[in-house]
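Have a look at the structure below, then the notes.
Just so it is clear, none of the values below were taken in a lab; they were calculated from the coordinates. The structure displayed is predicted, hence computed values, not measured ones. Note: ideal-geometry Cβ built from the backbone for every residue, glycine included; neighbour counts use all protein chains shown.
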Amino acid sequence: MSAKGRTLLLDPFSGIAGDMFLGALIDLGLPLESLREGLAGLGVPFRLKAEKVLRGAVLATKFHVLVRSAEGNDWEEEEHAALRSDGDHPHAHHGHGRSAAEIDKLIAASSLSEGVRRRAARIFGVLAMAEGRVHGVPPAEVHFHEVGAVDSIVDICGAALAVELMGLHRILAYPVSVGRGMAAMEHGAMPLPAPATAEILKGMPVRFSSIDQELCTPTGAAILSVLVDEFVTAEFAGRVVGVGYGAGSFPRGNPPNVLRATLLEQTGDLAGDEVGELVFQVDDMTGEALGAMREKLEGAGVLDVAIQPVQMKKNRPGWRVEVLVSPQDLSDITRLVLAETSTLGVRSSVRRRHVLDRSIEVVDTPLGPVRVKVASHHGEVVKRKPEYEDCLRLAKEHDLGFDEVRRIIDGHLR
């Protein structure tokens with residue numbers, strides 16, 4: 001994948017589901033083997049498959065997650081998986097369930113990179129929040145059925161991983177189409193979009209379709225909520241370098257049951273986007289409390305947290321905290337800061353930032369394979385840096401100091 005391919009434009013004219021998102025990226029060139037290797041760190045048994053299918057007159061990629069059959073001697077798709085995209089009973093209960101807390105532990109214990117774990121946890125967090133609002137229970141007590149099944153966990157973690165593997169720094173989307181009518185769910189017949197989907201879609205631009213099927217699933221809506229930086233409603237320009245189509249399960253041809261994903265090449269001097277910034281100061285929080293605050297903010301999916309010592313009024317020592325977030329998360333993270341810290345106010349702004357193109361490569365080194373973050377500009381590599389988690393793992397495996405591992409890997413990368 002070219003380092004210039006940094007912006008992804010999603011067109012969910014026929015809705016979106018987790019398998020459609022991954023199918024579209026595989027159609028764009030995301031290697032299935034890289035996805036398989038990365039997701040192996042989840043520690044759950046599954047197999048991945050991708051095939052070309054027709055949806056109407058459009059050739060698209062259908063992404064499949066296979067799990068062990070009930071007999072344990074074969075691999076098959078979970079029964080509800082074929083219903084997630086747009087089937088007749090999108091949320092009928094099939095007995096595959098995990099609680100939100102169980103899924104959080106599964107992700108936290110995986111060997112996925114920190115960034116991927118955060119994205120995946122945020123997507124599940126959005127789902128848990130929506131389900132909790134619908135059913136009147138705390139998010140931590142939500143018990144997922146379809147979303148808790150192995151294939152849906154793989155879809156969500158795969159979506160989070162794909163962003164890293166493709167080196168995407170910005171994702172745009174057109175308004176998402178939703179279906180109408182009624183669907184049989186665990187709690188009886190419910191209107192479409194499903195109640196949880198409707199909760200997640202709050203604040204997003206939506207197209208209400210006349211199609212009597214589920215077009216946008218809760219998982220698809222949560223992926224949009226977390227991964228999309230901006231919804232496009234006006235004209236804009238960009239150089240198209242690739243187009244991919246991800247197929248939904250139902251073979252509808254008019255309109256084609258596909259998600260279109262367009263890869264856009266950065267044409268300016270430097271890639272750029274917008275980032276939200278929160279700034280506040282405190283003088284009555286301990287180091288331990290600040291550490292707990294950082295962990296909470298990072299768990300909520302902020303982009304970065306910086307804490308600096310400052311001297312405040314009346315010569316009191318204090319701390320200046322700067323938090324970078326996606327612009328759409330400014331309100332939620334501001335509320336979290338006000339609830340979790342002693343500050344009485346927060347300054348917020350949206351700033352333009354310029355960044356180098358970034359991608360992840362797996363490099364074989366004398367100590368073993370290492371993921372390396374590659375920064376480039378117009379296709380020319382500017383810098384390379386091994387991922388911290390991989391260096392730490394190799395230091396433990398070879399009983400070496402962390403700095404020694406970095407020296408060996410840096411020497412190999414030269």
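Mind ordering 359-369, 344-354 by average Cβ neighbours within 10 Å, highest first?
Most protected by this proxy first, the peptides run 359-369, 344-354.
Quick one: compute the contact order of the chain, relative version, from alpha carbon pairs under 8 angstrom and 6+ residues apart, as a percent.
21 percent
Within 10 Å, count the other beta carbons around each residue, average over each peptide in 252-265, 102-115, and list them highest first.
The densest-packed peptide leads the list: 252-265, 102-115.
Could you work out Rg/(2.2 N^0.38 Å) for the stretch 142-226, with Rg from alpha carbons only?
Against the compact-globule rule of thumb, the ratio is 1.18.
Divide, for the chain, the radius of gyration over alpha carbons by 2.2 N^0.38 Å, where N is the residue count.
Ratio of Cα Rg to 2.2 N^0.38 Å: 1.01.
Compute the helix-to-body angle for 114-135: its Cα long axis versus the longest principal axis of the chain, expressed 0 to 90° and rounded to tens.
60 degrees
Report, in whole Å, the centroid distance computed from the Cα atoms of the stretch 327-393 and the stretch 114-193.
The distance from the Cα centre of the stretch 327-393 to that of the stretch 114-193 comes to 23 Å.
Please sort 387-395, 322-330, 399-407 by packing, taking for each peptide the average over its residues of neighbouring beta carbons within 10 angstrom, highest first.
Going by the mean number of other Cβ atoms within 10 Å, highest first, we get 322-330, 387-395, 399-407.
Measure up 373/396; 52/396; 202/383; 49/296; 52/296; 49/373 against 31 Å on the Cα-Cα distance and list the ones that go over.
52/396; 202/383; 49/296; 52/296
Compute the convex hull volume of the Cα atoms of the stretch 271-355, divide it by the residue count, and report the result per residue in Å³ as a whole number.
Output value, Cα hull per residue: 94 Å³.
Would you mind counting up the charge near residue 8? Only other residues with Cβ under 10 Å from its Cβ, with Lys and Arg at +1 and Asp and Glu at -1.
+1
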